[in-house]
Each structure stands twice: as structure tokens, then as C-alpha cells.
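Engineer: Here it is, the structure, as C-alpha cells.
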């Protein structure tokens with residue numbers, strides 16, 4: 001993410017809550033394949049080349065990363081290779097990219113983050129921060145989500161709402177993270 005913000009003072013519990021709310025708002029339908037049949041379904045849903053691109057991080061079919069992802073997908077799809085933690089993480093990342101690609105194609109997203117926000121020494125309890133994201137804000141937000149930087153995504157929302165993230169000293173009691181994205185899947189493309 002190109003933006004660099006200072007870290008917020010948050011408890012581990014608040015960070016976990018933020019992560020859970022964002023994940024349920026954006027990635028509730030992301031497949032987590034447990035068997036070769038699940039992987040075949042994922043490939044049928046997104047297409048082989050697109051899935052390999054998401055797994056490898058490149059669209060260069062002559063690159064070693066692309067060929068490795070292609071071979072790994074083939075082994076797991078046919079049941080010749082296990083779906084260990086590393087591959088489970090790769091498929092989860094690919095699923096996140098699939099979810100955000102539909103939003104990128106749409107070009108805009110409305111997000112509401114509700115939390116207790118502390119600016120300087122003043123607490124604003126249950127403050128809903130509304131942000132209508134497009135352009136660079138949308139790309140920064142989605143890049144942060146794809147990489148698992150949920151706090152960075154929340155900072156983009158706060159910044160777009162009008163509160164400079166560097167002025168927020170603490171965030172707690174995250175009670176909501178909602179979006180207007182009805183379909184978070186690349187099926188809309």
C-alpha cells in the first residue's frame with residue numbers, strides 16, 4: 001500500500017475484532033478448498049488461467065512462478081498433492097483477489113466503519129465513519145485488504161471520511177464494518 005500511516009494504539013482484542021468484521025464484510029464467500037473437488041470447483045468458477053495468475057502473482061506464463069503455480073494447481077486438483085497450510089493460504093489469497101476484482105471492476109464502494117475513536121484525549125464512542133471510495137482510495141483499500149492489512153484498510157476509510165489517521169490515537173470496540181458490495185465475486189465481470 002503506497003500510503004504510510006502511523007500505527008494505532010489498539011489492543012490485540014480490538015485488532016482481532018477489526019480483522020473479523022472486515023473479513024466477514026468482504027470475504028464471507030471466499031472458498032477455502034479442503035479437497036480436490038473444492039479446487040476443481042474453484043477452477044471452474046474463476047477459470048484456470050485467472051486462478052494461476054492469482055496463485056502466482058504474475059500473468060507471465062513463461063515465468064517460474066507461473067509454471068510452479070500451474071503445476072501445483074494441477075497436482076492438488078487431481079489429488080496427487082496434499083492441500084497443506086501453505087497451499088491453503090495461497091488459495092485463500094487467490095479467493096481474496098477474486099472477491100476484490102469484482103469491486104475493482106465496479107469502480108466504487110461505500111464503506112461504513114463503526115468504532116470508538118480517540119482523537120487526542122477525546123473519545124468519540126460508536127462513531128460511524130462513512131466513506132465512498134473510488135480511484136486511488138479504492139485501490140489502496142482493496143490492496144490493503146488483499147494483503148491482510150486490515151488496519152491499513154481502516155485507515156483509508158478514516159482518511160476518506162475526513163479524520164486524518166495520524167490524528168487518531170486509539171481505536172476500540174469495533175461494532176460494525178459494512179459495505180454496499182452485494183456481490184464480492186468476479187462473476188460480475
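Engineer: Counting only DSSP beta bridges with both residues in the chain, tell me the antiparallel percent, nearest 5.
Structural biologist: About 95 percent, rounded to the nearest 5.
Engineer: Sticking with this structure for a sec: Using alpha-carbon pairs under 8 Å, 6+ residues apart, how would you state the relative contact order of region 36-103 in percent?
Structural biologist: It rounds to 34 percent for region 36-103.
Engineer: Using only the alpha-carbon atoms of region 49-161 as identical scatterers, what base-10 log of I(q)/I(0) does the Debye formula give at q = 0.17 Å⁻¹?
Structural biologist: Computed log10 I(q)/I(0) values: -0.86.
Engineer: Also: List the equivalent ellipsoid semi-axes of the chain in whole Å, largest first, each obtained as the square root of 5λ for an eigenvalue λ of the Cα gyration tensor.
Structural biologist: Result for the chain: semi-axes of 34, 16, 15 Å.
Engineer: Whole number please: convex hull volume per residue of the Cα set in region 36-103, in Å³?
Structural biologist: Residue-normalised Cα hull volume stands at 74 Å³.
Engineer: Let me ask something else about it. With an 8 Å cut-off on Cα pairs and a minimum separation of 6 or more residues, tell me the relative contact order of the chain in percent.
Structural biologist: 32 percent
Bear in mind that the values in this text are calculations on the coordinates, not laboratory data. Source: prediction; values computed, not measured.
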